[in-house]
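Down below is the structure, laid out as structure tokens.
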Amino acid sequence: MKTLTLHDGGKLPAFGLGTWKSKPGEVGTAVTEAIRLGYRHIDCAAIYGNEAEVGEALAKCFADGLVTRDDLWITSKLWNSFHAPDDVLPALRKTLSELRLEQLDLYLMHWPVALPNDVVVPENGRQMIDLGDLPVTTTWQAMEAGVDQGLTRYLGVSNFSLKKTRGLCAEARIQPAINQVEMHPYLRQQELVDGCRELGVAITAYSPLGSPDRPDGMRLADEPVLLEDPTLATVAARVGATKGQVLIAWALQRGTSVIPKSVNPKRLAENLAACDVRLDAVAMQELDGLDRHRRYVDGEFWVFEDGPYTLANLWDE
């Protein structure tokens, strides 16, 4: 399994299993099958609402001797409702309890968006907290205590622009190891990749297939569909791989980690096999040329007329 070297020399399995949108009753089976196939990196989050089932599957895998805890890299994420310093460690401990773990490998700040702790998803801007009033650096300091107390090995961020990542790195006592962002050929984000690399922050790519199964409310009627792109189909036919495998291989060859989601055993095996797909320079150039800065998870759900967040200040572009 290919690994990424982190800023302190630690190793992150470059290929992993995403669990966003994996339904109750399916996610545990998917995690077990993935581990049986050879997956060693599992990406979770409190907001996905399925960590207890993931934890049950992990506990059974350990009990059955399929893997040891040290064999796996487990990531989870702090939800926006728990950015206040007093809320951070209780949220982390709850995640550990649900996952049945004593320590995470990585704990991410899920979004640079703050909410009161009694609001999970806001209905208006008045239910949101301006980052001027609760900066990400304040939340980060509380997350650092999670490392100090041995609750997580590494910290990181998710959905952070290069500007926000640089700002955090300048203030942080414990440097972020990872920035997990949407990334695929339609959203190449080369400046972010290069900038984070200079900072010593590795990139994990989520929604590498263009998130075709995301909720209807996050879709546009006329949006471009990555998996239907003719150039992608041509490259896949030429290298003898599926379109999904080509997208995963593209992410790996760029030096990022990647976490495709599936609960289908056949697809889980296909995705893992993408680790052996090799794309030549011509194929990489063709795929790079597809960039249209198209976000499928665009953050529009954080934008209200009476709220503190806009797409411009969310992504700093």
(message) Please go through (1) surrounded by fewer than 21 Cβ atoms within 10 Å (Cβ to Cβ); (2) over 20 Å from L4 (Cα atoms); (3) touching a residue at least 40 places away in the same chain (Cβ under 8 Å); (4) out of contact with any Pro (no Cβ under 9 Å at 6 or more places or on another chain) for A283 and return the number of the only condition it doesn't satisfy.
(response) (1)
(request) Return yes when L92 is part of a helix (DSSP H, G or I), touching a Lys or Arg at 6+ places or on another chain (Cβ under 7 Å) and crowded, with 21+ Cβ neighbours inside 10 Å and no when it is not. (result) no
(message) Tell me yes or no: at least one residue of segment 57-67 is in contact with a helix residue (DSSP H, G or I) (Cβ under 8 Å, 6 or more places away or on another chain), part of a strand (DSSP E or B) and touching a residue at least 12 places away in the same chain (Cβ under 8 Å).
(response) no
(message) Give all pairs with beta carbons closer than 8 Å in which a residue from segment 286-315 that is touching a residue at least 24 places away in the same chain (Cβ under 8 Å) and among the acidic types (D, E) meets a residue that is in a loop (DSSP other than H, G, I, E, B) and surrounded by 13 or more Cβ atoms within 10 Å (Cβ to Cβ); count only pairs at least 6 apart in sequence or on separate chains.
(response) D288/P185; D288/R188; D291/P185; D291/Y186; D291/R188
(request) Would you tally the residues in segment 210-253 being modelled with pLDDT of 95 or more and in a loop (DSSP other than H, G, I, E, B)? (result) 4
(message) If I go through segment 31-47 residue by residue, how many of them are within 19 Å of Q103 (Cα to Cα) and touching a Lys or Arg at 6+ places or on another chain (Cβ under 8 Å)?
(response) 4
(request) Could you check, for segment 274-286, whether at least one of its residues is assigned to a loop (DSSP other than H, G, I, E, B), among the polar types (S, T, N, Q) and either under 18 Å from the mean Cα position of the chain (by Cα) or modelled with pLDDT of 95 or more (or both)? (result) no
(request) Report, ordered by the first and then the second residue, all pairs with beta carbons closer than 9 Å, sequence separation of six or more or different chains, a first member in segment 76-103 that is without any contact (Cβ under 8 Å) to a residue 60 or more places away in the chain and over 25 Å from A59 (Cα atoms), and a second member that is buried (at least 17 other Cβ atoms within 10 Å of the Cβ) and of a type in the set (F, W, Y). (result) N80/W111; N80/W302
(message) If a residue must be farther than 18 Å from T3 by Cα and touching a Leu at 6+ places or on another chain (Cβ under 6 Å), how many such residues does segment 185-211 contain?
(response) 6
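The values are calculated or read from the model by the stated rules, or taken from the named source; none is laboratory data. Nothing here was measured: the structure is a model prediction, and the numbers come from that model. Here Cβ is always computed from backbone atoms with ideal geometry, including for glycine, and neighbour counts include all displayed protein chains.
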